[in-house]
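The values are calculated or read from the model by the stated rules, or taken from the named source; none is laboratory data. Bear in mind that the values here come from a model prediction, so they are computed numbers and not experimental data. Using ideal geometry, Cβ is built from the backbone for each residue, glycine included, and neighbour counts are taken over all protein chains shown. All accessible areas refer to the heavy atoms of the entire protein, side chains included, with ligands and DNA or RNA removed. Shrake-Rupley method; radii C 1.70, N 1.55, O 1.52, S 1.80 Å.
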Amino acid sequence: MNTILSASAVLVVALTAGAAALAQGAPSGDAARGKQLYMTIGCWSCHGTVGQGGGGRTGGLRLANMGIAFPAFLNQLRQPQDEMPPYVASVVPDKDVADIYAYVSSLPPPPDVKSIPILN
């Protein structure tokens with residue numbers, strides 16, 4: 001019994017530390033301005049208007065509630081994997097990236113599959 005409690009305590013500490021690590025590398029950003037930039041720059045065209053991800057040939061990954069740390073987000077933007085075009089600092093300054101990150105981080109998670117009648 002004590003082993004189970006100890007393992008649970010370790011898990012809680014690890015999850016808390018993981019959440020703190022995600023927040024630690026993130027600069028403060030303005031989510032409202034980030035939403036405006038997200039729409040203006042064209043992120044929505046591949047990643048969806050609320051970060052839900054796109055389908056088809058040019059569909060980007062889901063960004064809403066992804067839990068990605070800011071350094072990884074910035075790295076993907078500057079030196080993207082797959083077919084995403086790079087956004088260099090002269091095009092999208094780090095402050096703008098911080099605002100976009102704040103917007104994407106503020107998006108709610110997708111609904112639980114069990115709450116969608118047609119899927120049940």
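Selection over the stretch 35-69 of residues that are under 26 Å from residue 112 (Cα atoms), in a helix (DSSP H, G or I) and open to solvent by less than 60 Å² (accessible area, probe 1.4 Å) gives a count of 3.
What do you reckon, is residue 107 buried (at least 16 other Cβ atoms within 10 Å of the Cβ) and farther than 16 Å from residue 29 by Cβ? Walk me through it before giving the result.
Details: buried (at least 16 other Cβ atoms within 10 Å of the Cβ): yes; farther than 16 Å from residue 29 by Cβ: no.
In short, no.
Every listed requirement among (1) open to solvent by less than 50 Å² (accessible area, probe 1.4 Å); (2) assigned to a loop (DSSP other than H, G, I, E, B); (3) among the acidic types (Asp, Glu) is met by residue 82 save one, (1). Figure legend. Inter-residue proximity from the stretch 92-103: first residues farther than 21 Å from residue 67 by Cβ, second residues part of a helix (DSSP H, G or I), beta-carbon distance below 6 Å, spacing 6+ or different chains. Indicated pairs: 96/37.
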